[in-house]
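Enquirer: Supplied in structure tokens, the structure appears directly below.
The values are calculated or read from the model by the stated rules, or taken from the named source; none is laboratory data. Note that the structure is a prediction, hence the values are computed from the model and not measured. Counting neighbours? That spans all protein chains shown, and the Cβs are built from the backbone with ideal geometry, glycine included. With ligands, DNA and RNA removed, areas are computed over all heavy atoms of the protein, side chains included. Shrake-Rupley method; radii C 1.70, N 1.55, O 1.52, S 1.80 Å.
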Amino acid sequence: MTTTRPTVKRRRLWFLEFYRSAVGKKWVMAVTGIILIGYLLAHMVGNLKMYLGPESINAYGESLRDLGGHLVPRTHLLWIMRIGLVAATALHLHAAITLTFLNWRSRPARYDERHYAAANYASRTMIYGGVIVAAFVVFHLMDLTWGSGGAEFARGLPYENIVHSFERLPVALFYIVANLLLGVHLYHGAWSMFQSIGLNHPRFNQWRRWFAYGIAAVITIGNVSFPIAVQAGIVHLG
Ligand code: HEM
């Protein structure tokens, strides 16, 4: 006589179960995308202070480290924000990669190639753009946070560090190209995140489009202006 073992169904936490589905991954991409857009907007606005001179942006960097004043130990709030940013970035990347695999697997074998190419143009642009932006972020951290990007660097003096870095033409060009690609990525992302969370009524499409254009344009124009301003001598040392 053969005995059959009772099948034990493993129960996962509801959010892990939800994340396994394409809809769940899209939600995670949208929510983490909003966090990342918020960071980019704040980062760009903060960097605009370089137009007010070294004291202004250097004091801004200092006040970020001092967030929370006497209520929390120095740099603790900044570290909490950094951890949140890293977590949002990691989840955004993980959801993007696993969603791509899921799409590949569910693609019908005899699907019209041209149709496929058209339907997936935006998502493929997002992946290539995303990879280049990720490479840019690694270089950017080496360059302006860790000081290992090859330019003269002094901790706590972002104004001087930015000028030293962007005075190098190839670096300025790299920043410009990467930020333009980031702009395209932001446009597609801001446009599709509403679709991802089910807010895609045709009545709102015009509004969605302007929102996506607006957010991408503001962040991109601000970011691209910095290397141009240093190269043009508008932002300079001494
Ligand atoms: C030309 C545009 C940009 C300029 C001038 C700029 C400038 C800076 C500077 C000066 C720092 C160091 C701050 C400090 O430690 O005092 C920094 C940090 C950082 N930047 Fe940018 N940035 C630019 C664009 C970007 C973009 C497009 C991204 C992301 C896609 C980004 C992500 C970061 C991150 C994650 C940090 C580390 C923040 C931290 O350590 O708390 N930046 N940036």
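Enquirer: Carbon and sulfur: what percent of the stretch 190-238's accessible surface (1.4 Å probe)? Display every interim value, and only then the final one.
Expert: On the way: 1930 of 2880 Å².
On the stretch 190-238, the fraction of accessible area on carbon and sulfur atoms equals 67 percent.
Enquirer: Please state, to two decimals, what the Cα-based radius of gyration of the stretch 116-229 comes to when divided by 2.2 N^0.38 Å (N = residues). The partial results should precede the final answer.
Expert: On the way: Rg = 17.0 Å, N = 114, 2.2 N^0.38 = 13.3 Å.
With N residues counted in the stretch 116-229, Rg over 2.2 N^0.38 Å equals 1.28.
Enquirer: Another question, if that's okay. Using a 10 angstrom cutoff on alpha carbons, build the Gaussian network for the chain and name the most mobile of Ala216, Ala88, Ala154.
Expert: Greatest mean-square fluctuation among the candidates belongs to Ala154.
Enquirer: Let me ask something additional. Per residue, what accessible area does the chain have, given a 1.4 Å probe and all protein chains present, in Å²? Numbers along the way, then the final one.
Expert: Details: 15710 Å² over 238 residues.
Accessible surface, normalised per residue, equals 66 Å².
Enquirer: Another one. Pairwise over distinct Cα atoms, reciprocal of the mean inverse distance: report the Kirkwood radius of the stretch 30-90 in Å, one decimal place. Kindly include the intermediate steps, with their values, before the conclusion.
Expert: Details: mean 1/r = 0.0787 Å⁻¹.
One decimal place: 12.7 Å for the Kirkwood radius.
Enquirer: While we're looking at this one, here's another question. Just to make sure I understand: if all protein chains stay in place, what is the order of Leu141, Leu13 by accessible area at 1.4 Å, largest first?
Expert: On the way: Leu141 60, Leu13 105 Å².
Solvent-accessible surface, decreasing: Leu13, Leu141.
Enquirer: Further, regarding this structure: How big, on average over all directions, is the shadow cast by the Cα convex hull of the stretch 140-180, in nm²? Working shown, then result.
Expert: On the way: hull surface 10.4 nm².
About 2.6 nm², averaged over all directions.
Enquirer: How large is ³J(HN,Hα), in whole Hz, for each residue of the stretch 233-238 in order, when computed from phi with the Karplus curve 6.51 cos²θ - 1.76 cosθ + 1.60 and θ = phi - 60°, using x for Gly and Pro?
Expert: So the J values, rounded to whole Hz, are x, 6, 9, 8, 8, x.
Enquirer: Let me ask you something else. Rounded to two decimals, what ratio of Rg to Rh does the chain give with C-alpha atoms and a Kirkwood Rh? Intermediate values should be presented prior to the final figure.
Expert: Details: Rg = 22.0 Å, Rh = 20.5 Å.
Looking at the chain, the ratio lands at 1.07.
Enquirer: Just how large is the dipole of the chain about the Cα centre, in debye to the nearest 20, putting +1 at every Lys and Arg Cβ and -1 at every Asp and Glu Cβ? It would help to have the intermediate numbers written out before the result.
Expert: Working: 22 positive and 10 negative charges, 340 e Å.
Dipole magnitude for the chain comes out near 1640 debye.
Enquirer: Can you give the accessible area of Glu17 in Å² (nearest 10), computed on protein heavy atoms with a 1.4 Å probe?
Expert: Estimated to the nearest 10 Å², Glu17 gives 90 Å².
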